[in-house]
Amino acid sequence: MLRARGEVALDDPAAAGVAPAWEQTTGSVVWVDTSAESVHRFRPADGHDHQVPVPQQVGAARPRTNGGLVLNLRDGIGLSDPQGDLRWLVYWRRERAWGHGAAVDPAGRLWAGSGDWLVRVDAGGRAVTVPSVACAGRMDWTAEGTLTYQADPARRRIDVLDYDLTAGEASGRRPLCDPLPSVPAGLCVDAEGGVWVALAAGEVRRYAADGRLDLVVEVPDTEITGCCFGGEALTDLYLTTATGGPLLVLPDLAQGRPTTRFTG
């Protein structure tokens, strides 16, 4: 077991910072402030944090193959170009909906959470509601796309499912490991297929593909809200933290994978 406070990557507390993702093209950690309705690009190389306001609550931002970002917004999915101009890809305004996470599968489809439902969106804007217990910000896939891991916050566990990459459908849900000691706040898969889960109660765990727990990193006095690998060599684990907390980094922790980009 390791015990670390984590290095402060950006000491500019967000009102509600969540959903980090590494953007290779700009060498930046992309994350959102859900309360302040803004998207951040933090560049570790020079410490610059570029903030872009958006017109409504945003739950996540993910890089696009065409440049810019895809945004999971309160009323649907938006596409932001490299200059920051925004247009709707899917508009579904409805009561009790809000953006609360997003992930991109190995085929480049977006999985986005909105309220109490999960939606799969392709590059053309076709949106399909997907039955799931996972939050979109707490899921990832193996590199070959045959398995998906999904964290279940209600039952405090990680599930593994078989994944049909062509159809974009998951089946055969089963637990990967024993129940977690606290609520999972983020999940990512490393280059070796290890599953990293960030727990809200200040802990990061790595599970092997067979469910064996092989590393625990305690981050004391921290409420974690998300995780992603980044940095020049993709070996640094970045952690967003709860209200008023900084963006943290655990350097040289493991070998991560390049971020999968949305094909739209």
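A short reminder: the numbers here are calculations on the coordinates, not readings from a lab. These numbers come from a predicted model, not from an experiment. Because the Cβ atoms are built from the backbone with ideal geometry, glycine has one as well, and the counts that use them run over all protein chains shown.
Tell me the relative contact order for the chain as a rounded percent, counting alpha carbon contacts under 8 Å between residues six or more apart. Across the chain, relative contact order equals 20 percent. Using 0.36 nm per residue and subtracting the Cα-Cα separation, the extra length available between residue 86 and residue 209 on full extension is 40.4 nm. Length gained on full extension, residue 117 to residue 45, computed as 0.36 nm times the residue gap minus the Cα-Cα distance: 22.2 nm. Between 143, 198, 154, the Gaussian network model of the chain with springs among Cα atoms under 10 angstrom shows the greatest mean-square fluctuation at 154. Here the simple spin-label model places points 7 Å from the Cα toward Cβ, and for residue 52 and residue 162 these points are separated by 4.0 nm.
Give me the distance in nm between label points sitting 7 Å out from Cα along the Cα-to-Cβ direction at residue 154 and residue 174, one decimal. Each label point lies 7 Å from its Cα, and together they span 2.3 nm.
Which one is right for this structure if Rg and Dmax of the Cα atoms in Å is calculated from it: (i) 18.8, 62; (ii) 16.6, 46; (iii) 18.4, 54? Label (ii) holds the value from this structure.
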